[in-house]
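Here is the structure we will look at.
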Amino acid sequence: MARQTAPTFMQSKSGFFRVIATIAVALREKTAAAIERRRIRTALGKLDDYMLKDMGIARSDIERIAKRTYPPR
């Protein structure tokens, strides 16, 4: 059986940690996006219909705004 040299062994370890780091960053970004959506939903949900209308937003638009999916112009 061929014996791994130190650089080869470290490269395989660094590849593993790179994958773990990539997954951790993606998870952090998804969590941050979910928190931001909840914050927007909560803030807009606290406003009454007159305030929303003043901003040009209907109560039914809150979820779409939180998800940042806007209709094409």
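For (1) surrounded by 10 or more Cβ atoms within 10 Å (Cβ to Cβ); (2) at pLDDT 90 or above; (3) under 30 Å from I65 (Cα atoms), each residue gets a yes or a no:
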residue	(1), (2), (3)
M1	no, no, no
T5	no, no, no
R28	yes, yes, yes
K46	no, yes, yes
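Which of the residues belonging to the stretch 30-44 are exposed (fewer than 11 other Cβ atoms within 10 Å of the Cβ) and more than 19 Å from the chain's Cα centre (by Cα)?
Within the stretch 30-44, none qualify.
Kindly provide the set of residues from the stretch 58-67 that are closer than 23 Å to A33 by Cβ and either not in a helix (DSSP H, G or I) or not charged (D, E, K, R) (or both), ordered by number. Reasoning before the result, please.
From the stretch 58-67, those closer than 23 Å to A33 by Cβ are 59-67; that's our starting set.
Within the stretch 58-67, S60, I62, I65, A66 meet the criteria.
For the stretch 38-57, which positions are out of contact with any helix residue (DSSP H, G or I) (no Cβ under 8 Å at 6 or more places or on another chain), small (G, A, S) and part of a helix (DSSP H, G or I)?
A43
The values are calculated or read from the model by the stated rules, or taken from the named source; none is laboratory data. Bear in mind the structure is a predicted one, so any value in this text is a computation, not a measurement. Every residue, glycine as well, gets a Cβ built from its backbone with ideal geometry; the counts of neighbours run over all protein chains shown.
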